[in-house]
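Student: Take a look at this one; I'll ask things after.
The values are calculated or read from the model by the stated rules, or taken from the named source; none is laboratory data. Source: prediction; values computed, not measured. Positions of Cβ are backbone-derived with ideal geometry, glycine not excepted, and every protein chain shown enters the neighbour counts.
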Amino acid sequence: MTVEPMNAKPDNQGKSGFLSSVLGKILLGIVIISATAFILWWGYNFLSANKAPQVVQIPIAILWGVGGVALLYTVLNWLVEQLPRNVSRVLQPLIFIGPAVLLMGWFLAVPVFRSLMTSFKDSLGQKNVGLENYIFAFTDTRMLETFRNNLLWLVFGTSFSVGLGLLIATLADRTKAEVLYKSIIFTPMAISFVGAGVIWKFVYTYKGTGYGINEIGLINAIITGLGGTPQPWLNMPPWNNFFLIVIMIWLQTGYAMVILSSAIKGVPSELLEAARIDGSSEWKAFWSVIVPYIKGTLITVTTTIVIFSLKTFDIVRVMTGGNNQTNVIANEFYLQSFTYNHAGRASAIAVVLLVLVLPVIINNLREFNRGRKGF
Amino acid sequence: MAANSYKAQKIRSSLLTNLILIVICLLWLVPIIGILITSFRPSTDVFQSGWWSVFPHKENVQSGEIILPATVDVNGPITIDGVTHTFEEWRQGVNMPDGRYLEWFGNRRTRKLTVSAEQWVGFATGFTLKNYEDVLTGKTINYIDGNGQTIERKGNDLSRAFLNSLAVAIPATIIPILIAAFAAFGFAWLNFPGRNIIFSLVVALLVVPLQIALIPILQDYVKLGLNGTFMGIWLAHTGFGLPLATYLLFNYISTLPRELLESAYIDGASNFTIFVRMILPLSVPALASFAIFQFLWVWNDYLVALVFLGGGKNQVVTYAVASLVGEKGQDWQLMTAAAFISMALPLAVFLGLQRYFVRGMLAGSVKG
């Protein structure tokens, strides 16, 4: 930015006027800072005391949280604007980006290094144990099971989500009720993984066999209706993994569909027409025109869903808790951190997760730097 | 003729397309419909029959009993209302000529048969709001379980959890947007050393799994007394949400017309004034898209709430539903009602504002 704001402040008061105005500003500054500090401090104490009824507490919490941030920015900016222009010019960007950078640093950037350090330590995160946690991470049978399962999630979850998403996007594009179809498939995106867990646990539920037992789970009812024997689907390794992956497909297909659908709409109709005139079937036109055209979007969507499949946690946690050979990396991380209290192993697992997404990070950076001409 | 067959083929393929889509949509919807219906059924019904039995269908409905007088010999063939069968056959169940269905109850000595007839049922569904009342309250509740026993236990107090979720989600949506908007403006329009490097860091952090941060941040929270507080979870969601928020808003704010801002600078407006008076109002579409995104993310989050907020007074709905699933694995009438309460608000937000949500998602996917 080369254009600078014009100096709007009157500079023609005498020297004494200047002094008193500086003094006034300092006094005003002190008053404003203490008032801000007082408001924030009072709110914090009120909220942490947690004595008021919930209906009072919560609006105040919201007001304090949101208002506090707005107030902090306003006051900090006001203070900086009172400083001499050459100082404020340097400081002002700090006000704008400072809080974001500090928070991202505290919550994401620095923890990468802290977890890396802890990953070489013992369960309490104190003594150095060298590579022991990584040896655990790559050789322990529990961990090998999580790797196998995550691989299943990655391969089947991703391919079905993207494949179905692409199928639905392509088919819906040719119908009149497109919006309705797409809304229905997209709806699970609004549902929490915990909620989806309940929904599907009910679909898979199993009451056992015996006289007078009616299966109330949909799948088992269909099976018994067809004359089969009901099964405890979630206790059947290794198939139970696939029954969990179905939930991921149910949740993620909508995402893939929406993004791919908008990409398909971007395919120039002349290209498709040309292919049809050349005598291509719809099937052939799809593979030779549409798919190559939306390749970039396909890769992006696939990458996003791959990352999702690597980080999958809530579904497994709610459905099986990782038992019956359904454990996944993120759940093992949770168990090591908060159930077995082994900070070292947990950190090593987190680092492994990070390394798994590292190619994506590097690619994002490369893409970003390439497209940054106008930055 | 050729045109006609082309038309017929087109209609056929369109029918097939719609059919496939309808089947897929049904597969997608049926699980949700199942829990929605179950959440309104009395607990006794839920334990006895599947949710689909609320739809009208033919079923044997018990209408009475027959007690055989002591004079009847139960060891030989038994004649009831002119029909004769052995005990074993009666136990299997017999269709009477008048349409009734008789079945021996228990062993020989009971001398009891149940009478039922096939009827259309499912019109009087007996829907109830009791399950919702039961999960919403924190007081003691009663219901009948699968074995016919009355269970008394504490409600899950989902009304409190719902309010807590609001108290978490609203600030955890607005605060990161505000902070990210300031930062995005800074990155897009202000000059300062290290701008490119710092923004590259933002891009790099976009997909960092938050697991990497949980242990270190929890250590900090324990030291700072932030563990289990709303303030703590706002900060956590802000920290974890900022890279995407900053990135999306930067993409939007950096495309605002340069002339507009330059003329404002010439008029003597300060950066702050320009940001508040011009940038924020102009960015409303981008802010709205991200707001919906972040709100859904925070509301539906389980991991962050589990680690930093936990149970007790401040527990959020996802936590409450998950612990209900954990502690009472078979009480479907409660779990389904609870799940539906947890889904209602995000579904409403989502269906109402889907267009903005999709717009934000598309913006985020182009590069991220």
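Student: Among the residues of segment A:300-315, is there at least one that is at pLDDT 90 or above, hydrophobic (A, V, I, L, M, F, W, C) and over 21 Å from A:Val352 (Cβ atoms)?
Tutor: yes
A quick yes/no check of all residues on (1) among the polar types (S, T, N, Q); (2) out of contact with any Cys (no Cβ under 8 Å at 6 or more places or on another chain); (3) more than 30 Å from B:Asp301 (Cβ to Cβ):
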| site | (1), (2), (3) |
| --- | --- |
| A:Leu272 | no, yes, yes |
| A:Ile294 | no, yes, yes |
| A:Asn327 | yes, yes, no |
| A:Gln336 | yes, yes, no |
| A:Ala343 | no, yes, no |
| A:Ala346 | no, yes, no |
| A:Val351 | no, yes, no |
| A:Leu358 | no, yes, no |
| A:Glu367 | no, yes, no |
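Student: Continuing with this model, one more query. Within the set of pairs 6 or more residues apart or between chains, which connect a residue that is free of Cβ contacts under 8 Å to residues at least 60 places away in the same chain and farther than 13 Å from B:Ala291 by Cβ inside segment B:349-361 to a residue that is in a helix (DSSP H, G or I) and polar (S, T, N, Q) with Cβ atoms less than 8 Å apart?
Tutor: From segment B:349-361, the pairs are B:Leu351/A:Ser183; B:Leu351/A:Thr187; B:Gln354/A:Ser183; B:Val358/A:Ser262.
Student: Ok, one more. Filter segment B:54-84 for residues that are in a strand (DSSP E or B) and acidic (Asp, Glu); which is modelled with the highest pLDDT?
Tutor: By that ranking, first place goes to B:Glu65.
Student: For segment A:195-217, name all the residues that are over 21 Å from B:Leu158 (Cα atoms), of a type in the set (A, V, I, L, M) and either modelled with pLDDT under 90 or surrounded by 24 or more Cβ atoms within 10 Å (Cβ to Cβ) (or both).
Tutor: A:Ile213, A:Ile216
Student: Answer with yes or no whether B:Phe105 is aromatic (Phe, Trp, Tyr) and either surrounded by fewer than 16 Cβ atoms within 10 Å (Cβ to Cβ) or more than 24 Å from A:Gly217 (Cα to Cα) (or both). Steps first, please.
Tutor: Working: aromatic (Phe, Trp, Tyr): yes; either surrounded by fewer than 16 Cβ atoms within 10 Å (Cβ to Cβ) or more than 24 Å from A:Gly217 (Cα to Cα) (or both): yes.
Yes; evaluated as a whole, the condition is true for this residue.
Student: Does A:Val101 fit the bill of being farther than 29 Å from B:Thr246 by Cα, without any contact (Cβ under 8 Å) to a residue 12 or more places away in the chain and assigned to a helix (DSSP H, G or I)?
Tutor: No.
Student: Also, quick follow-up: Considering segment A:207-241 alone, what residues qualify as being of a type in the set (Gly, Ala, Ser) and in a loop (DSSP other than H, G, I, E, B)?
Tutor: If the condition is that a residue be of a type in the set (Gly, Ala, Ser) and in a loop (DSSP other than H, G, I, E, B), then A:Gly208, A:Gly210, A:Gly212, A:Gly217, A:Gly227, A:Gly228 are the ones that fit.
Student: Taking the stated definitions as given, is A:Gln92 in contact with a Lys or Arg (Cβ under 8 Å, 6 or more places away or on another chain) and under 30 Å from A:Val69 (Cβ atoms)?
Tutor: no
Student: Taking the stated definitions as given, is A:Ile349 buried (at least 23 other Cβ atoms within 10 Å of the Cβ) and of a type in the set (Val, Ile, Thr)?
Tutor: yes
Student: Continuing with the same structure: Need the failing condition index for A:Gln82 against (1) within 31 Å of the chain's Cα centre (by Cα); (2) farther than 30 Å from A:Ile361 by Cβ, just the number.
Tutor: Looking at each condition in turn, A:Gln82 falls short on (1).
Student: Name the single residue, out of those in segment A:154-189 being at pLDDT 95 or above and of a type in the set (Phe, Trp, Tyr), that is surrounded by the fewest Cβ atoms within 10 Å (Cβ to Cβ).
Tutor: It comes out as A:Phe156.
Student: Which one of A:Leu76, A:Leu102 is outside the structural domain of A:Phe338 (by TED's automatic domain parsing), out of contact with any Gly (no Cβ under 7 Å at 6 or more places or on another chain), modelled with pLDDT of 85 or more and surrounded by fewer than 16 Cβ atoms within 10 Å (Cβ to Cβ)?
Tutor: When all the criteria are applied, what remains is A:Leu102.
Student: Pick out, from segment B:200-279, the helices (runs of 4 or more DSSP H) lying fully within it that include 2 or more residues that are surrounded by 17 or more Cβ atoms within 10 Å (Cβ to Cβ) and more than 9 Å from chain A (Cβ to nearest Cβ).
Tutor: Of the helices (runs of 4 or more DSSP H) lying wholly inside segment B:200-279, those with at least 2 residues that are surrounded by 17 or more Cβ atoms within 10 Å (Cβ to Cβ) and more than 9 Å from chain A (Cβ to nearest Cβ) span B:230-253.
Student: While we're looking at this one, here's another question. Yes or no: A:Gly29 within 24 Å of B:Thr173 (Cα to Cα), assigned to a helix (DSSP H, G or I) and either within 11 Å of another protein chain (Cβ to nearest Cβ) or modelled with pLDDT under 85 (or both)?
Tutor: Working: within 24 Å of B:Thr173 (Cα to Cα): no; assigned to a helix (DSSP H, G or I): yes; either within 11 Å of another protein chain (Cβ to nearest Cβ) or modelled with pLDDT under 85 (or both): yes.
Against the criterion (within 24 Å of B:Thr173 (Cα to Cα), assigned to a helix (DSSP H, G or I) and either within 11 Å of another protein chain (Cβ to nearest Cβ) or modelled with pLDDT under 85 (or both)), A:Gly29 does not qualify.
Student: Can you say whether A:Pro84 is without any contact (Cβ under 8 Å) to a residue 24 or more places away in the chain and either among the hydrophobic types (A, V, I, L, M, F, W, C) or more than 9 Å from chain B (Cβ to nearest Cβ) (or both), as far as the supplied structure shows?
Tutor: Judged against the criteria, A:Pro84 is a match.
Student: If we keep just the residues of segment B:7-53 that are of a type in the set (Ser, Thr, Tyr) and closer than 21 Å to A:Trp283 by Cβ, which is modelled with the highest pLDDT?
Tutor: Among those that are of a type in the set (Ser, Thr, Tyr) and closer than 21 Å to A:Trp283 by Cβ, it is B:Thr17.
Student: For segment B:325-341: of the residues being facing chain A (nearest Cβ under 10 Å) and closer than 14 Å to A:Arg317 by Cα, which is modelled with the highest pLDDT?
Tutor: Among residues in segment B:325-341 that are facing chain A (nearest Cβ under 10 Å) and closer than 14 Å to A:Arg317 by Cα, the one modelled with the highest pLDDT is B:Val325.
Student: In this structure, does A:Leu244 turn out to be in a helix (DSSP H, G or I), of a type in the set (A, V, I, L, M, F, W, C) and under 20 Å from the mean Cα position of the chain (by Cα)?
Tutor: Answer is yes for this residue.
Student: Please work out which one of (1) within 11 Å of chain A (Cβ to nearest Cβ); (2) touching an Asp or Glu at 6+ places or on another chain (Cβ under 9 Å); (3) more than 30 Å from A:Val194 (Cβ to Cβ) is the condition B:Ile66 fails and give its number.
Tutor: (1)
Student: Go through B:Ala344, B:Ala322 for me and flag whichever is aliphatic (A, V, I, L, M), modelled with pLDDT of 90 or more and buried (at least 23 other Cβ atoms within 10 Å of the Cβ).
Tutor: Working: B:Ala344 fails: buried (at least 23 other Cβ atoms within 10 Å of the Cβ).
When all the criteria are applied, what remains is B:Ala322.
Student: Of the numbered conditions (1) surrounded by fewer than 23 Cβ atoms within 10 Å (Cβ to Cβ); (2) of a type in the set (A, V, I, L, M); (3) closer than 24 Å to A:Ile62 by Cβ, B:Val298 satisfies every one except a single condition; which is it?
Tutor: (1)
Student: So which residues in segment B:45-59 are touching an Asp or Glu at 6+ places or on another chain (Cβ under 9 Å) and surrounded by fewer than 16 Cβ atoms within 10 Å (Cβ to Cβ), if there are any at all?
Tutor: Within segment B:45-59, B:Lys58, B:Glu59 qualify.
Student: Could you tell me which numbered condition B:Trp297 fails, if it satisfies all but one of (1) within 13 Å of the chain's Cα centre (by Cα); (2) within 8 Å of chain A (Cβ to nearest Cβ); (3) under 19 Å from A:Met189 (Cβ atoms)?
Tutor: (2)
Student: Being part of a helix (DSSP H, G or I) and more than 19 Å from B:Ala181 (Cα to Cα) is the filter here, so list the residues in segment A:81-98 that pass it.
Tutor: A:Glu81, A:Gln82, A:Arg85, A:Asn86, A:Val87, A:Ser88, A:Arg89, A:Val90
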